[in-house]
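These notes concern the structure reproduced below.
The values are calculated or read from the model by the stated rules, or taken from the named source; none is laboratory data. What you see is a predicted model, and the numbers here were worked out from it, not measured in a lab. Note that each Cβ is placed from the backbone with ideal geometry, even for glycine, and that neighbours are counted across all protein chains shown. For accessibility, only protein heavy atoms count, side chains too; no ligands or nucleic acids. Shrake-Rupley method; radii C 1.70, N 1.55, O 1.52, S 1.80 Å.
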Amino acid sequence: MAESIAEGVVEAIRTRLEGIAEDNGATYWFTPDRVIRTPTLTEQCLDASLSTIYALIPDEEEKVEEASLTLHGDMRLDLALATRFAPASENPLNPPDPDRWKLQNRMARDVQRRLLDDSTTPLSWFGALGVENLEVLIIDRTPEHTFLQGWALVFLRIVVRYSHLVSAP
Amino acid sequence: MTVEELEVLVLALAAQVARLETRFNALYPEEPIEEDQVAAGFRKYRARAKEREG
């Protein structure tokens, strides 16, 4: 039984992120230990035995009619990117290097680079899923949302546009 | 049925209702389930993102 295109898109993103291999920042800073799918982000997702965890979290998908028998799906999802961060102190006058903010920037860079890599045909890694576009809408590093003891965390909100026949969602 | 019998019946029903209420409150406490810090941060982020998108 074939799965939906939406399912294929999510799995393609998960697989794509799983393939990140760090090279001390030349291309990427982090190799994720796990790339998980979760209905929401909880403490349970941040397993302290792991160093770097990326989580995919679903959100709304908007459907728009493109032609008589074709639809667009604009599928939003959130990525929560977390890496272990336990410095002796976060004193801003004597900050650790890298500090929390730098780690957030590194993870956000890694994932944007991986998803929007233009060294091959853009988005070709989606295969035959009919994906037309992928945009990063928001990068959220605000402490009110991301400050956790033991972890540096950053959220990315992305939208994936794909088209499909009405009869083949 | 006499008034006295009716009173006994009402008291018995009231006692039964009280027992059921006690059981219901034990099963469904009014205290909200405590949200962990990670979930709370994500909920705030998501609410803000949706607000921005209108």
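Would you point out the residue of the stretch A:1-24, among those that are assigned to a loop (DSSP other than H, G, I, E, B) and not charged (D, E, K, R), that is farthest from the chain's Cα centre (by Cα)? Reasoning before the result, please.
Step one: list which residues in the stretch A:1-24 are assigned to a loop (DSSP other than H, G, I, E, B), which gives A:1-4, A:19-24.
Of the ones still in play, those that are also not charged (D, E, K, R) are A:1-2, A:4, A:19-21, A:24.
Values: A:1: 27, A:2: 25, A:4: 20, A:19: 13, A:20: 12, A:21: 15, A:24: 20 Å.
Per the stated criteria, the residue is A:1.
Which one of B:51, B:7 is more than 9 Å from chain A (Cβ to nearest Cβ) and closer than 30 Å to residue A:150 by Cβ?
Numbers: B:7 fails: closer than 30 Å to residue A:150 by Cβ.
The conditions single out B:51.
State which residue pairs qualify: first residue more than 7 Å from chain B (Cβ to nearest Cβ) and inside the stretch A:29-50, second residue of a type in the set (D, E, K, R) and open to solvent by less than 30 Å² (accessible area, probe 1.4 Å) in any location, beta carbons under 9 Å apart, and separation of 6 or more residues or different chains.
As it stands, the answer is A:29/A:110; A:30/A:110; A:32/A:110, since those pairs meet every condition given.
Any chance you could count how many residues in the stretch B:9-54 are farther than 30 Å from residue A:142 by Cα and open to solvent by less than 100 Å² (accessible area, probe 1.4 Å)? I'd like the intermediate steps shown before the answer.
To start, the set of residues in the stretch B:9-54 that are farther than 30 Å from residue A:142 by Cα comprises B:9-30.
Keeping just the survivors that are open to solvent by less than 100 Å² (accessible area, probe 1.4 Å) gives B:9-10, B:12, B:14-18, B:20, B:22, B:25-26, B:29.
Looking only at that region, the number is 13.
Which of (1) away from chain B (no Cβ under 14 Å); (2) on the phi < 0 side of the Ramachandran plot; (3) out of contact with any Phe, Trp or Tyr (no Cβ under 7 Å at 6 or more places or on another chain); (4) open to solvent by less than 60 Å² (accessible area, probe 1.4 Å) does residue A:25 not meet, given it meets every other one?
Going through the list (1) away from chain B (no Cβ under 14 Å); (2) on the phi < 0 side of the Ramachandran plot; (3) out of contact with any Phe, Trp or Tyr (no Cβ under 7 Å at 6 or more places or on another chain); (4) open to solvent by less than 60 Å² (accessible area, probe 1.4 Å), residue A:25 breaks only (2).
Among the residues of the stretch A:128-143, are any away from chain B (no Cβ under 14 Å), closer than 28 Å to residue B:43 by Cα, free of Cβ contacts under 8 Å to residues at least 60 places away in the same chain and not in a loop (DSSP other than H, G, I, E, B)? Walk me through how you get there before you give the answer.
Narrowing the stretch A:128-143 to residues away from chain B (no Cβ under 14 Å): A:128-134.
Narrowing further to those that are closer than 28 Å to residue B:43 by Cα: A:133-134.
Restricting the remaining residues to those that are free of Cβ contacts under 8 Å to residues at least 60 places away in the same chain gives A:133-134.
Keeping just the survivors that are not in a loop (DSSP other than H, G, I, E, B) gives A:133-134.
The answer is yes, given that some residue of the stretch A:128-143 is away from chain B (no Cβ under 14 Å), closer than 28 Å to residue B:43 by Cα, free of Cβ contacts under 8 Å to residues at least 60 places away in the same chain and not in a loop (DSSP other than H, G, I, E, B).
Within the bounds of the stretch A:56-71, is there any residue that is more than 14 Å from chain B (Cβ to nearest Cβ) and under 15 Å from the mean Cα position of the chain (by Cα)? It would help to see each step written out before you state the result.
Within the stretch A:56-71, the first condition is being more than 14 Å from chain B (Cβ to nearest Cβ), and the residues that meet it are A:63-71.
Now narrow it down to the ones that are under 15 Å from the mean Cα position of the chain (by Cα): none.
No.
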